[in-house]
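To start, the structure itself, in C-alpha cells.
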Amino acid sequence: MRIISGKARGKKLKTPEGDHIRPTLDRVRENLYNMIGMGIRDSVFLDLFSGTGAVGIEALSRGAKKVYFVDNDVKSYELTLYNIKSARLEDAASVHNLDAQKALEQFERQNVKFDIIYLDPPYNKGIVQKILQQLGKYNIMQDEGTIIVETDRGEETPESIGKFVKTKEKNYAATKITFYGVANE
C-alpha cells in the first residue's frame, strides 16, 4: 500500500498483519480522489474509522489543510500514527483513539467544521445509518460539505437520511463508495 499522489507520492505505508484491519485498496483510493478532484485542496477532512490512516494521509498529501483521524482500536490508532509520521505529515494531522460517536460529540463541542467526512466502518454492521443520523444532529459540516461512505458492495445505503441525500455511488469489485451532500431545503 502506498500514497498515490501529492507531496508524499510513492511513500509506502505500513499495513496490518492478519485481517483485523481492512485497508482501502490503492485503486479504490485513486478513484475516490479522482471523484473529489480539487475539492481536497485546503479542506478540513475527517477520516472516521481510519484503520491504517491511508485515506486521510492521501488527503494530506494532496493538499488538505487539516485531517482528523479517528479509530477506537488501539492497533489502528498506533498504525495511523506510525504512517503519518513516516509520511512526514504530522503537522496537519490530529489523531484520536476514540469511539466514532464520542469523537463526533467532541468535534461538536470544539466547533470543528469539516468539508469532507469519510466513513469506512466495519462492513455490514448497520453503523453507516447510525453515524449519518448522528451527523445530522451536529453542526460539524460546512454547508457545501460532502460525506463519503465506503461499504461492502452488497450493503444497502439509504437514498436519504435526515438532512443528507445520496448524490453519487460507484462500485469497485467488492467495495461501494457512496457520496452524500446536504439536501436543498
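So, in the range 153-162, exactly how many residues are loosely packed, with under 13 Cβ neighbours inside 10 Å and under 18 Å from the mean Cα position of the chain (by Cα)?
Quick first cut of the range 153-162, residues loosely packed, with under 13 Cβ neighbours inside 10 Å only: 153-154, 156, 159-160.
Then keep just the ones that are under 18 Å from the mean Cα position of the chain (by Cα); that gives 153.
Total meeting the criteria: 1.
Scan the range 124-135 and report the pairs whose first residue is farther than 16 Å from Asn72 by Cα and whose second residue is acidic (Asp, Glu), with Cβ atoms within less than 7 Å and a gap of 6+ or a chain change.
Asn124/Asp152; Asn124/Glu155
Can you list the strands (runs of 3 or more DSSP E) lying wholly within the range 19-131 that have 2 or more residues being at pLDDT 90 or above and closer than 23 Å to Gly162 by Cβ? Steps first, please.
Details: elements: 44-48, 66-70, 93-96, 114-119.
Output list reads 44-48, 66-70, 114-119.
Looking for something closer than 22 Å to Thr52 by Cα, touching a Leu at 6+ places or on another chain (Cβ under 7 Å) and not basic (Lys, Arg) - is there at least one such residue anywhere in the range 152-174?
no
Give the range 170-185 a look and list any residue that's within 14 Å of the chain's Cα centre (by Cα) and of a type in the set (Phe, Trp, Tyr), or say none.
Phe179, Tyr180
Could you check Ile127 against (1) in contact with a Pro (Cβ under 6 Å, 6 or more places away or on another chain); (2) surrounded by fewer than 17 Cβ atoms within 10 Å (Cβ to Cβ) and say which number it fails?
Ile127 satisfies every listed condition except (2).
So Ile117 clears everything in (1) touching a strand residue (DSSP E or B) at 6+ places or on another chain (Cβ under 6 Å); (2) surrounded by fewer than 20 Cβ atoms within 10 Å (Cβ to Cβ); (3) touching a residue at least 60 places away in the same chain (Cβ under 8 Å) except one condition, right? Which one?
Against the list (1) touching a strand residue (DSSP E or B) at 6+ places or on another chain (Cβ under 6 Å); (2) surrounded by fewer than 20 Cβ atoms within 10 Å (Cβ to Cβ); (3) touching a residue at least 60 places away in the same chain (Cβ under 8 Å), Ile117 comes up short only on (2).
For the range 163-185: of the residues being in contact (Cβ under 8 Å) with a residue 60 or more places away in the chain and either over 14 Å from Asn31 (Cβ atoms) or β-branched (Val, Ile, Thr) (or both), which is surrounded by the most Cβ atoms within 10 Å (Cβ to Cβ)?
Looking at residues that are in contact (Cβ under 8 Å) with a residue 60 or more places away in the chain and either over 14 Å from Asn31 (Cβ atoms) or β-branched (Val, Ile, Thr) (or both), I get Ile177.
Using beta carbons and a limit of 8 Å, which pairs, at least six apart or on different chains, have the first residue in the range 7-32 and closer than 18 Å to Ser50 by Cβ and the second one at pLDDT 60 or above and of a type in the set (Asp, Glu)?
Hits for this filter: His20/Asp73; Ile21/Asp73; Thr24/Asp120; Thr24/Glu150; Val28/Glu150; Arg29/Glu58.
The values are calculated or read from the model by the stated rules, or taken from the named source; none is laboratory data. Fair warning: this is a prediction, and the values are worked out from it, not measured in the lab. Ideal geometry is used to build each Cβ from the backbone, glycine not excepted, and the neighbour counts take in all protein chains shown.
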